[in-house]
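The values are calculated or read from the model by the stated rules, or taken from the named source; none is laboratory data. Since we're looking at a predicted model, the values are computed, not measured. FYI the Cβ positions are ideal-geometry reconstructions off the backbone, even for glycines, and counts take in every protein chain you see. Accessible surface is based on the protein model in full, side chains and every heavy atom, while ligands, DNA and RNA are left aside. Shrake-Rupley method; radii C 1.70, N 1.55, O 1.52, S 1.80 Å.
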Amino acid sequence: MRTRPFPKKWLTLIQRHIVFFHRLSASDRAELLGHIQVFLAEKRFEGCGGFAITDEVRVTIAAQACLLLLHRKTDYFPQLLTILVYPLSYMVEEKRQVGEHVWEEGTMNRLGETGRRMGSLVLSWGAVKHGAADPSDGKNVVLHEFAHQLDFENDAADGVPGLATREQQLAWTDVMRSEFASLRAADESGVPTLLDTYGATDPAEFFAVSVEAFFEQPHALRAHHPKLYAELRTYFQQDPVEFSAER
Ligand SMILES: [Zn+2]
């Protein structure tokens, strides 16, 4: 299926909406287009809240998700079947713990979510478009939610994706544990951080937030968190410093 020519209409949409696409090498662009074709053949899209799925929606989501697959042996997010898309943010009823015995109930606004047993991933189209248009503000809901899917590949939502060797697993755990602890400490003391402090929630969110920074602000991440950057570079087999639009 990857030998089929890439639809011209899709390519035009990618060139128009995916800013990072122009900065990739020619071979990475070709590889990405191949992944997008497989991704779009395999995944189902569903519009929610009256939203209509168009080619622009499918291609803009696929292009960003497939950036996470370049250079690696991949199974195309095997646990994911359906992508649900809302027009803007969507509301969920949520009960969350704010203290040892204190729970807060209310309606929360969300831009995206996925879960290990959901088989689906939810996105706000407004946030998806923004992520594609600004590749260096450190925020990208597609990279974030699909990073969670990579995390699920070894069956646990623990911030550890499928790593090839035991040695890699040990190095990863070591670096992530200490980086997570420092983000938590910075969050508690109110020190400004490069990484979104949402990553201080738990190791799974820490991984997803780190992936956003790795692709969107690689120079800064490499400068401030060299060990974290190195682990992500080894895992992704990519060096986003080479194609980053970060200034
Ligand atoms: Zn998350």
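Counting only residues that are among the β-branched types (Val, Ile, Thr) and either in a loop (DSSP other than H, G, I, E, B) or open to solvent by 100 Å² or more (accessible area, probe 1.4 Å) (or both), which one in region 73-99 is farthest from ALA62 (Cα to Cα)?
VAL98
Looking at (1) assigned to a helix (DSSP H, G or I); (2) more than 14 Å from the ligand (Cβ to nearest atom); (3) closer than 18 Å to ARG44 by Cβ, which one does ARG117 not meet, given that it meets all the others?
(1)
Can you tell me which residue in region 44-72 is least open to solvent (accessible area, probe 1.4 Å), limited to those that are part of a strand (DSSP E or B) and farther than 14 Å from VAL142 by Cβ?
GLY47
Modelled with pLDDT under 95, open to solvent by 10 Å² or more (accessible area, probe 1.4 Å) and of a type in the set (Asp, Glu): which single residue out of GLU205, GLU242, GLU231, GLU212 fits that description?
The conditions single out GLU242.
Please list, ordered by first then second residue, the pairs with beta carbon atoms under 7 Å, 6 or more apart or interchain, first in region 204-219 and within 16 Å of HIS130 (Cα to Cα) and of a type in the set (A, V, I, L, M), second more than 10 Å from the ligand (Cβ to nearest atom) and open to solvent by less than 10 Å² (accessible area, probe 1.4 Å).
Once the first residue is within 16 Å of HIS130 (Cα to Cα) and of a type in the set (A, V, I, L, M) and sits in region 204-219, its partners that are more than 10 Å from the ligand (Cβ to nearest atom) and open to solvent by less than 10 Å² (accessible area, probe 1.4 Å) give ALA213/LEU195; ALA213/LEU221.
Quick check on region 85-93. Is at least one of its residues closer than 21 Å to GLU205 by Cα, in contact (Cβ under 8 Å) with a residue 60 or more places away in the chain, within 16 Å of the ligand (Cβ to nearest atom) and in contact with a Ser or Thr (Cβ under 8 Å, 6 or more places away or on another chain)?
Taking every residue of region 85-93 in turn, none turns out to be closer than 21 Å to GLU205 by Cα, in contact (Cβ under 8 Å) with a residue 60 or more places away in the chain, within 16 Å of the ligand (Cβ to nearest atom) and in contact with a Ser or Thr (Cβ under 8 Å, 6 or more places away or on another chain).
In region 202-216, is there at least one residue being of a type outside the set (Asp, Glu), closer than 28 Å to ALA63 by Cα and more than 16 Å from the chain's Cα centre (by Cα)?
There is no residue in region 202-216 that is of a type outside the set (Asp, Glu), closer than 28 Å to ALA63 by Cα and more than 16 Å from the chain's Cα centre (by Cα).
Out of the residues in region 98-114 meeting the condition of being farther than 30 Å from GLN79 by Cα and charged (D, E, K, R), tell me which one is farthest from the ligand (Cβ to nearest atom).
Going through the qualifying residues, I end up with GLU100.
Taking the options LEU195, LEU183, name whichever one is crowded, with 21+ Cβ neighbours inside 10 Å, more than 11 Å from the ligand (Cβ to nearest atom) and not in a helix (DSSP H, G or I).
LEU195
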